[in-house]
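The values are calculated or read from the model by the stated rules, or taken from the named source; none is laboratory data. Source: prediction; values computed, not measured. Here Cβ is always computed from backbone atoms with ideal geometry, including for glycine, and neighbour counts include all displayed protein chains.
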Amino acid sequence: MMDIHQILKQLPHRYPFLMVDRVLEIDKGKTIKALKNVTINEPFFEGHFPHRPVMPGVLMLEALAQAAALLAFDALDASPDDQSVYYFAGIDAARFKRPVEPGDQLLLEVELLRMKAGIFKFKTRASVAGETAVEAELTCAMRSIAPKE
């Protein structure tokens, strides 16, 4: 279990791009379940779409990737720092099954399939009230970056 304060210590994302509100459970090196509360106050709803607000699919995938990052950091007993960054390396078999609207609570479920040399492969699913909204296989890479001068 992780509250928002602990999440903020692990993820570099900040408003309006932090997409994980709470971690419900982590099975070290295996799975994570987390929540994203979707409210009408989300800045993307202003333009997507003004007449029928729907959460963009890419942001659902981003929420899953952020949950995956929390699982990866926990598996490695590590925290991100200024010398490393966690990137998307691939999105496979993404399927969008239902729209996500204001008032929905997105349950983010991520399973770590494998990790090797800083490359992580995950099976992911986001759902609302038991109905799948999106599922995908995500590949992410943790890379060192040169410090800025």
Filtered residues of the range 53-79 (kept if over 15 Å from the mean Cα position of the chain (by Cα) and not aliphatic (A, V, I, L, M))
P53, D77, S79
Among L64, L76, L113, L71, the single one that is more than 22 Å from F17 (Cα to Cα), out of contact with any Pro (no Cβ under 8 Å at 6 or more places or on another chain) and at pLDDT 95 or above is L113
Y15 meets each of (1) at pLDDT below 95; (2) surrounded by 13 or more Cβ atoms within 10 Å (Cβ to Cβ); (3) not charged (D, E, K, R) with one exception, condition (2)
Out of (1) farther than 16 Å from V100 by Cβ; (2) part of a helix (DSSP H, G or I); (3) of a type in the set (F, W, Y), the one F44 does not meet is (1)
If you go through A63, A75, A69, A133, the only one that is in contact with a Cys (Cβ under 9 Å, 6 or more places away or on another chain) and small (G, A, S) is A69
Is there a residue being under 18 Å from L8 (Cα atoms) and assigned to a helix (DSSP H, G or I) anywhere in the range 75-90?
yes
From the list P12, P53, which one is of a type outside the set (V, I, T), part of a loop (DSSP other than H, G, I, E, B) and closer than 19 Å to Q105 by Cβ?
P53
Looking at E131, E109, E137, which is the one that is in contact with a Lys or Arg (Cβ under 8 Å, 6 or more places away or on another chain), without any contact (Cβ under 8 Å) to a residue 40 or more places away in the chain and among the acidic types (D, E)?
E131
Hits in the range 103-134 (condition: loosely packed, with under 14 Cβ neighbours inside 10 Å and part of a loop (DSSP other than H, G, I, E, B)):
G103, A117, A129, G130
Does L138 qualify as being buried (at least 19 other Cβ atoms within 10 Å of the Cβ) and touching a Phe, Trp or Tyr at 6+ places or on another chain (Cβ under 7 Å)?
yes
Can you name the number of the only condition in (1) crowded, with 19+ Cβ neighbours inside 10 Å; (2) of a type outside the set (V, I, T); (3) in a loop (DSSP other than H, G, I, E, B) that A72 fails?
(3)
What single numbered condition from (1) in contact with a Leu (Cβ under 9 Å, 6 or more places away or on another chain); (2) under 17 Å from E25 (Cα atoms); (3) not hydroxyl-bearing (S, T, Y) fails to hold for V100?
(2)
Answer yes or no as to whether L64 is loosely packed, with under 15 Cβ neighbours inside 10 Å and either part of a strand (DSSP E or B) or in contact with a strand residue (DSSP E or B) (Cβ under 7 Å, 6 or more places away or on another chain) (or both).
no
How many residues are surrounded by fewer than 16 Cβ atoms within 10 Å (Cβ to Cβ) and touching a strand residue (DSSP E or B) at 6+ places or on another chain (Cβ under 7 Å) when one looks only at the range 75-90?
7
